[in-house]
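Enquirer: Quick one: the structure is below, and I'll ask about it shortly.
The values are calculated or read from the model by the stated rules, or taken from the named source; none is laboratory data. Not measured: the values here are computed from a predicted model. Cβ atoms come from the backbone with ideal geometry, glycine included; neighbour counts cover every protein chain shown.
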Amino acid sequence: MEQLSCFKAYDIRGRLGDELNEEIAYRIGRAFAYYLGAKRVVIGGDVRLSTPALKQALARGLMDSGADVIDLGLTGTEEIYFATWHLGVDGGIEVTASHNPADYNGMKLVREGSKPISGDTGLNEIKRLAETRDYGPEAKLPGHYMQQSVEEAYVAHLLTYLDLAQLRPLKLVTNVGNGAAGHVIDALEKRFKQLGVPVSFIKLHHEPDGHFPHGIPNPLLPECREDTTAAVKAYGADMGIAWDGDFDRCFLFDEKGAFIEGYYIVGLLAESFLAKQPGSRIIHDPRLVWNTQSIVTQSGGVAVQSKTGHAFIKERMRAEDALYGGEMSAHHYFRDFAYCDSGMIPWLLVIELLSRRRQPLSTLVAERIAAYPSSGEINSVLPDPQAAIARVLAHYQPHATLIDHTDGISLEFEAWRFNLRSSNTEPVVRLNVESRADIHLMDHKTHEVLTLLRQEG
């Protein structure tokens, strides 16, 4: 049986040509509609040059299985999430490879209510159906194709997360990296002007361009941050915002142009939500936890730890009916957004916080960074990841005050803690270290763990 290597743990991603092409996209459409028994499906896509053809092939597959297709055009993943539950359809697919190289593309899939489809929740079965073509004959009545926009309703929904009357004059640098987010910024800017909201935008690399003349949008890479930092400084902006290719993640820069680690944004957003709805449950991932737990407790909320990854976070959010969930990787999830992640809602919440607190972003996060300094995620390519992790555990485990296996292994001590996770797809181990108000201890322990981890033999 043919194996389709483009199916990953959470989504579909593959190199164009051999791993993902129009014929495979067609089969995915057939399999998706058959598996869900779908009658209506929304689709959209990012700015990659290969996206339109893949999206049309996908649409043909969906229609040949009897599903009507609603094509939203150029979209970010979260617009598919929004449209799936807003329109009450049976599923949604975004054609995107997010921050992967230009010769890749992929798909992100959801079912009714924007519930995630991954691994054991349907993706493996869709893969099997696409590989075996076991999705039955073409429908006697093929589905219809139509183009539709949900932009107006989507933007109206985004504005429900903040009190516009609170907003003071702010100047924002927005860097969409020639990706898909430009039209949403334009629509928000238009609404702000109509409503007399004193927020102005300095737009960087704003026009969608599948050639990505400024590089693939991936602000997790330091070299992808330089333009945003320079623009914040040059224009004296209050904040910078940059997105990845399908804008389900946003990355924030303070008024000095400094990049803010996503870990501290989770705490900020948790505090913002709990000020309005105290007692709510907040989900966080296990890599870095002390700052989030401290803020949530102080703000009268309940912190709940979940395994890393969007499918796990969304599942736990539904189970806990959590108000908000955040990962240090800049994925932020919202109960009122069908428990899905958004790259637009976070920065809107932060500009309201800047306005209410009347403090710059650097001040809002400085105290928390000092209270819980962290290493950020450090990757190590190792010949034998499991042996390396075992070596670290043998050294530290006897002295740990807490050992947690929620995701990888977390060890806590009185003044510091660390988390080690092994990649499922490559020989990489990911390390995160944090301390209690002692940056020198954090730096020392990071070096110590890395030395042990990378030791040969």
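Enquirer: Tell me which of these residue 111 doesn't satisfy, since it passes every other one: (1) among the basic types (Lys, Arg); (2) over 23 Å from the mean Cα position of the chain (by Cα); (3) surrounded by 15 or more Cβ atoms within 10 Å (Cβ to Cβ).
Expert: (2)
Enquirer: Which of the residues belonging to region 215-252 are surrounded by 18 or more Cβ atoms within 10 Å (Cβ to Cβ), aliphatic (A, V, I, L, M) and at pLDDT 95 or above?
Expert: The answer is 231, 232, 237, 239, 241, 242, 252.
Enquirer: What's the number of the condition residue 106 fails, among (1) closer than 19 Å to residue 153 by Cβ; (2) touching a Cys at 6+ places or on another chain (Cβ under 9 Å)?
Expert: (1)
Enquirer: Working only within region 85-94, note down all residues that are touching a residue at least 60 places away in the same chain (Cβ under 8 Å) and more than 15 Å from the chain's Cα centre (by Cα).
Expert: The answer is 85, 86, 87, 93.
Enquirer: Please specify each residue of region 118-133 satisfying the condition of being closer than 27 Å to residue 180 by Cα and modelled with pLDDT under 95.
Expert: Correct list: 118, 119.
Enquirer: What is the residue count in region 279-322 for residues that are β-branched (Val, Ile, Thr), crowded, with 19+ Cβ neighbours inside 10 Å and not in a strand (DSSP E or B)?
Expert: Of the residues in that region, 6 qualify.
Enquirer: A further question follows. Which residue pairs have Cβ atoms under 7 Å apart, sit 6 or more places apart or on different chains, and have a first residue in region 220-233 that is closer than 17 Å to residue 201 by Cβ and a second that is modelled with pLDDT under 95 and not in a helix (DSSP H, G or I)?
Expert: Between residues of region 220-233 that are closer than 17 Å to residue 201 by Cβ and residues that are modelled with pLDDT under 95 and not in a helix (DSSP H, G or I), the close pairs are 227/214.
Enquirer: Right, something else. Could you pull out every one of the strands (runs of 3 or more DSSP E) wholly within region 342-457 that has 1 or more residues that are within 26 Å of the chain's Cα centre (by Cα), surrounded by fewer than 20 Cβ atoms within 10 Å (Cβ to Cβ) and of a type in the set (Lys, Arg)?
Expert: The qualifying strands (runs of 3 or more DSSP E) are 428-435.
Enquirer: In region 59-84, which residues are within 13 Å of residue 340 (Cα to Cα) and without any contact (Cβ under 8 Å) to a residue 40 or more places away in the chain?
Expert: Listed by number, the list holds a single entry, 80.
Enquirer: Additional query: Going through region 88-141 one residue at a time, which ones are of a type in the set (Ser, Thr, Tyr), at positive phi and part of a loop (DSSP other than H, G, I, E, B)?
Expert: Across region 88-141, the qualifying residue is only 98.
Enquirer: Still on this model: Which condition number in (1) under 23 Å from residue 45 (Cβ atoms); (2) surrounded by fewer than 19 Cβ atoms within 10 Å (Cβ to Cβ) is the one that residue 182 fails?
Expert: (2)
Enquirer: Identify, from the list 337, 253, 273, the residue that is touching a Ser or Thr at 6+ places or on another chain (Cβ under 8 Å), among the aromatic types (Phe, Trp, Tyr) and closer than 26 Å to residue 46 by Cα.
Expert: 253
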